[in-house]
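Peer 1: This is the structure I have questions about; it appears just below.
The values are calculated or read from the model by the stated rules, or taken from the named source; none is laboratory data. None of these values were measured; they are calculated from a predicted model. As a convention, Cβ positions derive from the backbone with ideal geometry for all residues, glycine included, and neighbour counts pool all protein chains shown.
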Amino acid sequence: MNQNSYLILSAAMFSIGAIGVLVRRNPLVMFMCVELMLNAVNLSFVSFSRSLGNVDGQVIVVFVMVVAAAEVVVGLAIVLSIMRRRPGANADDLTMLRG
Amino acid sequence: MLAATVNSETIVWIIASTICLLGSVGVVGSRNPVHSALSLVATLFGVAVLFVAQQAYFLAVVQVIVYAGAIVILFLFVIMLLGVDSQEDVWFVERRIWRRPLAVVAGAGLAVGILVTILVVTSQVTGTPSADPPSSDFDVANLGSVLFTKYVYAFEITSVLLTIAVVGAVVLTRKAKGAIDLDEFPPDPEADPADEADPADEADPETAAATVDEVAR
Amino acid sequence: MEHLIWLIPALPLVGFGIQLVGGRRLGDPRAGWVATGMVAASFLASVAVFFDLLSRSEEERSITQTLFQWIPVGNLRIGMGFLADPLSITMCLFVTGIGSLIHLYSIGYMKGDPRYSKFFLYLNLFIFSMLMLVLGENLLVTFLGWEGVGACSYFLIAFWHTDTANASAGKKAFITNRVGDWGFMLATFLTWTVVGSLNYSDINAAAVGGSITGVTATAIVVLFLVAATGKSAQLPLFVWLPDAMAGPTPVSALIHAATMVTSGVYLLVRLNPLLFEAGWANDAIAWVGAITALVAATIAISQNDIKKVLAYSTVSQLGFLFLAVGTGNYVAAIFHMVTHAFFKALLFLGSGSVIHGMAHDQDMRHYGNLRRYMPITAGTFIVGWLAIAGVPPFSGFWSKDEILAGAWSFGPSGKVLWFIGLVTALMTAFYMTRQVVMTFFGTERWREVELDPALAATDPANAAHADEHDHHGLTPDHEPHESPWTMTVPLVVLAGLATVGGVLNLPFADGLHFLEHWLDPVIVHPHELPAVPTLVVLAGLATLGALLGIVLAGAVYVRRQVDPSLIEREVFAKGWYIDWAYSWFTGGPGRDAFDATARFDQTVVDGAVNGTAALVQRAGVRSRRLQSGQVRGYALGIAVGAVLMVGYFMTRMGF
């Protein structure tokens with residue numbers, strides 16, 4: 001299996017994740033779609049790392065995972081504190097950034 | 001593209017990618033957030049399998065442990081805590097009708113664009129495609145040494161980042177003084193959340209005093 | 001001595017500064033003495049420079065002193081420079097000399113006025129501006145002075161501004177002058193374009209050297225004529241001068257007799273090489289002057305206000321000056337300018353003395369037999385009368401005669417111009433005699449004035465230095481008094497000058513042509529006067545004309561042989577309705593035009609600006625909807641943007 005197939009898969013996952021972020025309103029599900037996108041990216045990094053014979057790609061993947069973890073922690077904390085006040089709120093209700 | 005020989009890797013790829021795609025669609029399309037989380041787990045497993053197929057063993061393990069094992073669990077905890085397993089109407093009609101088609105188009109466009117770009121670029125790469133490199137290149141020892149020499153700054157900074165994230169999470173989820181404790185006053189499921197006033201507005205000494213009295217009692 | 005040139009304008013400026021800072025503290029009369037001292041010192045400086053010039057040979061009589069580079073911008077290099085040559089020093093001498101006499105006079109005249117020091121502040125500023133005008137080495141410094149005298153004349157005419165009539169008179173003067181200033185500016189621009197420099201020496205050299213063509217020269221001269229018409233009150237821009245009599249009499253004497261109104265003539269004489277190239281523009285100047293002189297004289301005949309007679313007389317005499325300039329007779333123009341300054345200032349100050357003594361009543365119908373009460377005033381006034389009428393051997397005769405002689409030899413139209421001048425001289429003698437007779441001779445007509453019951457309430461003694469000058473204080477038992485020495489001394493001095501002033505340029509022998517030789521370096525093309533026999537005949541005719549005028553006036557006003565109302569026609573009294581026409585136009589069709597312009601400005605210009613603002617605002621409101629606060633909307637935007645970027649990179653790949 002050459003590299004391209006992995007890249008195609010990665011692209012497909014990425015776009016599905018993107019569509020998910022844009023379409024879903026539940027903040028948690030939106031988050032999960034973001035995780036999906038990150039995974040797609042990880043996949044493509046690893047495939048490049050393999051085809052170029054360079055371990056740097058995998059190092060980047062490590063970092064991506066670390067950052068994703070941190071981001072999930074903070075993001076869920078935010079979601080938690082918002083959802084406490086307004087249970088059942090979804091992304092459309094959070095319009096405080098309105099101009 | 002598919003002109004490669006059909007070997008074990010191909011079969012693995014086919015199966016794993018099927019799992020990934022089905023999982024992705026599941027994440028996006030499930031009504032129940034718990035179903036979404038489980039689909040995510042499936043996807044992550046598929047990705048881990050693909051990592052193994054590409055000889056990134058360490059990453060596969062880390063993927064399973066960290067992602068599937070910690071992050072998704074975190075998601076499930078939050079879902080549990082908040083009780084947001086209510087069904088979301090995924091197919092509701094958007095207020096701006098053009099949003100959904102546009103989203104799909106954007107996503108597809110993104111995919112196509114990325115794909116085409118990558119494929120064209122990679123086809124222009126000169127030089128012989130190397131054979132699979134020795135697996136010793138990708139073993140943990142090598143990974144570790146690169147991590148601690150070439151990328152040591154990034155490494156340290158990401159550690160700090162994690163610490164900050166933890167601190168942030170604790171700060172964000174602390175209950176503010178005088179805030180209404182949801183355990184004492186569970187919210188009315190029938191109430192329209194948009195009607196509920198911001199607790200900051202209810203700074204009446206009366207209500208606050210009542211709350212404190214209640215709590216004290 | 002040449003480095004003293006800058007002192008000449010600087011001293012009055014210092015006086016202005018002193019009055020500005022400490023005038024009120026100096027008070028009445030010390031402020032007046034300080035101001036007079038400054039101008040007198042300036043006069044001394046002028047004398048010093050004069051003697052310096054005299055000591056040089058003829059070719060060297062031109063000193064330039066540049067204080068600093070005023071406007072160094074690109075090719076434009078304008079310095080704050082002074083040019084002291086015979087012409088400018090002559091002007092300086094009589095501006096500062098007569099100026100100091102008038103300052104002295106004002107000490108007495110303005111006594112008791114609440115804004116005493118402010119008057120001297122403006123007077124000093126005026127002298128400064130006038131000196132800048134005259135000493136300027138280039139058109140721009142002259143323009144500085146030009147505008148300065150315009151502004152000061154506004155301040156001074158409207159000095160008693162609590163009466164709105166005075167304020168309006170000031171405004172009228174300034175605005176009418178502005179029309180002239182427009183001409184000045186255009187002429188300056190044109191000169192700059194053609195010559196590349198604004199220095200008089202460069203302009204005149206270019207004119208002599210032939211690098212200014214006839215058409216351009218004519219255009220420039222015509223525009224300067226417009227400027228001079230405004231400043232020197234010629235037709236059609238003379239309407240401000242009679243109204244300007246609303247200012248205190250010293251102001252009328254200084255500004256409207258001796259100095260400011262002569263600046264137009266000075267400008268034209270300064271540019272005389274240019275005038276020589278200007279073809280028919282010279283005829284225009286001469287005819288404007290002649291017609292103005294005639295018309296103004298007819299109006300003067302029927303005026304009853306003592307100052308208005310003198311105002312129209314000034315307009316008429318300025319017409320003579322223009323006539324002289326137009327016929328190329330520059331020396332005669334300067335000669336008459338100087339003598340006119342003497343006798344007109346004398347007449348104005350004398351009338352001020354009369355007004356002062358008659359409780360500020362200016363109507364000549366209320367005068368009569370004042371020579372018994374004010375002998376010095378009467379005596380000096382009579383000297384002025386004889387001078388202006390052109391009776392030999394007073395100065396006015398010599399200068400006016402030179403102008404008329406010069407007109408005669410100007411060419412075919414010259415004879416007509418000469419005739420107009422002669423008739424005007426006759427009328428001048430007529431109305432001046434009328435004035436003298438009505439004021440100083442005859443019955444004491446104010447004794448027959450019926451006491452207005454409304455006026456009985458006011459205290460007559462109060463009116464001596466009242467802010468209004470109608471006949472508030474004039475009662476039948478009023479006893480006119482002679483004026484204090486500060487007022488009579490200048491009168492006497494000026495009377496002396498008016499008598500002997502003819503000495504400047506007597507025509508009898510070439511050796512007596514002092515003024516002509518003095519001004520020789522400045523005048524490029526000297527004018528040819530007619531031969532001596534013709535001169536004598538013309539002089540005789542002029543004298544005859546003057547005497548005839550006097551006799552006629554005597555017949556009408558002394559012997560009552562002819563009914564005055566035959567001569568004092570309504571149309572003359574109303575100034576040929578010129579002023580009325582202007583008012584009607586600007587108030588009527590003119591105003592409609594102005595309103596239309598204002599409406600255009602409001603709807604089109606303001607509309608464009610406001611409309612743009614409204615447009616921007618509406619665009620802003622619409623763009624506001626982008627910021628919906630909806631996170632998903634933003635995310636969509638990001639996604640679409642990312643797609644576009646990827647698309648862009650795809651195109652760049654060139655596949």
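Peer 1: So is A:R50 closer than 27 Å to B:I157 by Cβ, at pLDDT below 90 and in contact with a Pro (Cβ under 9 Å, 6 or more places away or on another chain) or not? If you could, list the steps in order and put the result at the bottom.
Peer 2: Details: closer than 27 Å to B:I157 by Cβ: yes; at pLDDT below 90: yes; in contact with a Pro (Cβ under 9 Å, 6 or more places away or on another chain): yes.
So A:R50 fits the description; yes.
Peer 1: Would a scan of segment A:48-58 turn up a residue that is over 23 Å from B:W13 (Cα atoms), aliphatic (A, V, I, L, M) and in a helix (DSSP H, G or I)?
Peer 2: no
Peer 1: May I ask you to say which residue of C:L529, C:L541 is touching a residue at least 12 places away in the same chain (Cβ under 8 Å), of a type in the set (A, V, I, L, M) and assigned to a helix (DSSP H, G or I)? Step through it out loud before you land on a result.
Peer 2: Details: C:L529 fails: assigned to a helix (DSSP H, G or I).
Answer to the check: C:L541.
Peer 1: If a residue has to be hydroxyl-bearing (S, T, Y) and within 11 Å of another protein chain (Cβ to nearest Cβ) to count, how many in segment C:597-655 make the cut? Spell out the reasoning first.
Peer 2: Within segment C:597-655, the first condition is being hydroxyl-bearing (S, T, Y), and the residues that meet it are C:597, C:603, C:612, C:623, C:628, C:634, C:648, C:651.
Filter once more, keeping what is within 11 Å of another protein chain (Cβ to nearest Cβ): C:623, C:628, C:634, C:648, C:651.
Residues meeting the conditions: 5.
Peer 1: From the list A:V29, A:V62, which one is closer than 29 Å to C:V640 by Cβ and not hydroxyl-bearing (S, T, Y)? Let's see the steps before the verdict.
Peer 2: Numbers: A:V62 fails: closer than 29 Å to C:V640 by Cβ.
One residue alone meets the criteria, A:V29.
Peer 1: I would also like to ask the following. Any idea how many residues of segment C:1-35 are assigned to a helix (DSSP H, G or I) and either aromatic (F, W, Y) or more than 27 Å from C:P86 (Cβ to Cβ) (or both)? So that I can check it myself, show each step before the final result.
Peer 2: Within segment C:1-35, the first condition is being assigned to a helix (DSSP H, G or I), and the residues that meet it are C:2-4, C:7-35.
From the residues that got through so far, the ones that are either aromatic (F, W, Y) or more than 27 Å from C:P86 (Cβ to Cβ) (or both) too are C:16-35.
Final tally of qualifying residues: 20.
Peer 1: Which helices (runs of 4 or more DSSP H) does segment C:553-655 wholly contain that include 3 or more residues that are under 52 Å from the mean Cα position of the chain (by Cα)? Outline the logic, then answer.
Peer 2: Details: elements: C:564-567, C:570-573, C:578-587, C:589-600, C:607-624, C:631-653.
In segment C:553-655, C:564-567, C:570-573, C:578-587, C:589-600, C:607-624 are the helices (runs of 4 or more DSSP H) which contain 3 or more residues that are under 52 Å from the mean Cα position of the chain (by Cα).
Peer 1: Would you say C:F381 is assigned by TED's automatic domain parsing to the domain that holds C:M427, more than 21 Å from the chain's Cα centre (by Cα) and modelled with pLDDT of 90 or more? Break it down stepwise before answering.
Peer 2: Numbers: assigned by TED's automatic domain parsing to the domain that holds C:M427: yes; more than 21 Å from the chain's Cα centre (by Cα): yes; modelled with pLDDT of 90 or more: yes.
Yes: the conditions hold for C:F381.
Peer 1: Filter segment B:39-68 down to residues that are more than 8 Å from chain A (Cβ to nearest Cβ) and under 12 Å from the mean Cα position of the chain (by Cα), then give me how many there are.
Peer 2: Going residue by residue through segment B:39-68, those that are more than 8 Å from chain A (Cβ to nearest Cβ) are B:39, B:41-42, B:45-46, B:48-49, B:52, B:57, B:60-61, B:64-65, B:68.
Filter again for under 12 Å from the mean Cα position of the chain (by Cα), leaving B:39, B:41, B:68.
Total meeting the criteria: 3.
Peer 1: Next up: Before we move on, is A:V21 more than 7 Å from chain B (Cβ to nearest Cβ) and either free of Cβ contacts under 8 Å to residues at least 24 places away in the same chain or of a type in the set (G, A, S) (or both)?
Peer 2: Numbers: more than 7 Å from chain B (Cβ to nearest Cβ): yes; either free of Cβ contacts under 8 Å to residues at least 24 places away in the same chain or of a type in the set (G, A, S) (or both): yes.
Criteria met by A:V21.
Peer 1: Determine whether segment C:72-84 contains at least one residue that is in contact (Cβ under 8 Å) with a residue 24 or more places away in the chain, under 20 Å from the mean Cα position of the chain (by Cα), closer than 30 Å to C:N199 by Cα and not assigned by TED's automatic domain parsing to the domain that holds C:L223.
Peer 2: No, the conditions are met nowhere in segment C:72-84.
Peer 1: Something else now. Any residue at all in segment C:403-411 that's farther than 30 Å from C:W280 by Cα and either touching a Phe, Trp or Tyr at 6+ places or on another chain (Cβ under 6 Å) or not assigned by TED's automatic domain parsing to the domain that holds C:A498 (or both)? Please lay out each step first, then the result.
Peer 2: Residues of segment C:403-411 farther than 30 Å from C:W280 by Cα: none.
Looking through segment C:403-411, none of the residues is farther than 30 Å from C:W280 by Cα and either touching a Phe, Trp or Tyr at 6+ places or on another chain (Cβ under 6 Å) or not assigned by TED's automatic domain parsing to the domain that holds C:A498 (or both).
Peer 1: Which residue, of A:E35, A:E71, is buried (at least 19 other Cβ atoms within 10 Å of the Cβ), of a type in the set (D, E) and away from chain C (no Cβ under 14 Å)?
Peer 2: When all the criteria are applied, what remains is A:E35.
Peer 1: A follow-up question, please. Given the conditions (1) under 17 Å from C:R270 (Cα atoms); (2) outside any helix (DSSP H, G or I); (3) at pLDDT 85 or above, and given that C:A187 satisfies all but one, which numbered condition is not satisfied?
Peer 2: Against the list (1) under 17 Å from C:R270 (Cα atoms); (2) outside any helix (DSSP H, G or I); (3) at pLDDT 85 or above, C:A187 comes up short only on (2).
Peer 1: Going through segment C:214-236 one residue at a time, which ones are over 28 Å from the mean Cα position of the chain (by Cα) and touching a residue at least 60 places away in the same chain (Cβ under 8 Å)? Before you say what the answer is, go through the steps one by one.
Peer 2: So in segment C:214-236, the residues over 28 Å from the mean Cα position of the chain (by Cα) come out as C:214-215.
Hit for segment C:214-236 is C:G214, nothing else.
Peer 1: Looking at (1) more than 17 Å from the chain's Cα centre (by Cα); (2) more than 23 Å from B:L21 (Cα to Cα), which is the one condition that is false for A:S49?
Peer 2: It is condition (2) that A:S49 fails.
Peer 1: Touching a residue at least 24 places away in the same chain (Cβ under 8 Å), outside the structural domain of C:T229 (by TED's automatic domain parsing) and aromatic (F, W, Y) - does that describe any residue in segment C:136-147?
Peer 2: Yes, there is a match, as at least one residue in segment C:136-147 is touching a residue at least 24 places away in the same chain (Cβ under 8 Å), outside the structural domain of C:T229 (by TED's automatic domain parsing) and aromatic (F, W, Y).
Peer 1: Residues of segment C:106-115 being surrounded by 22 or more Cβ atoms within 10 Å (Cβ to Cβ) and not in a loop (DSSP other than H, G, I, E, B), which ones? Show your work before the answer.
Peer 2: Of the residues in segment C:106-115, the ones surrounded by 22 or more Cβ atoms within 10 Å (Cβ to Cβ) are C:106-107, C:109-110.
Residues satisfying the conditions are C:S106, C:I107, C:Y109.
Peer 1: Given the criterion farther than 26 Å from C:L370 by Cα, assigned by TED's automatic domain parsing to the domain that holds C:A206 and modelled with pLDDT of 90 or more, identify the matching residue among C:F322, C:F276.
Peer 2: Details: C:F276 fails: modelled with pLDDT of 90 or more.
So the residue among C:F322, C:F276 that is farther than 26 Å from C:L370 by Cα, assigned by TED's automatic domain parsing to the domain that holds C:A206 and modelled with pLDDT of 90 or more is C:F322.
Peer 1: Ok, one more. When you check A:V64 against the structure, is it more than 7 Å from every other protein chain (Cβ to nearest Cβ) and closer than 21 Å to B:V105 by Cα, yes or no? Write out each step before concluding.
Peer 2: Numbers: more than 7 Å from every other protein chain (Cβ to nearest Cβ): yes; closer than 21 Å to B:V105 by Cα: no.
No, not satisfied.
Conditions (1) assigned to a helix (DSSP H, G or I); (2) buried (at least 24 other Cβ atoms within 10 Å of the Cβ), marked per residue:
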| position | (1), (2) |
| --- | --- |
| C:A206 | yes, no |
| C:V222 | yes, no |
| C:A227 | yes, yes |
| C:Q234 | no, yes |
| C:A244 | yes, yes |
| C:L254 | yes, yes |
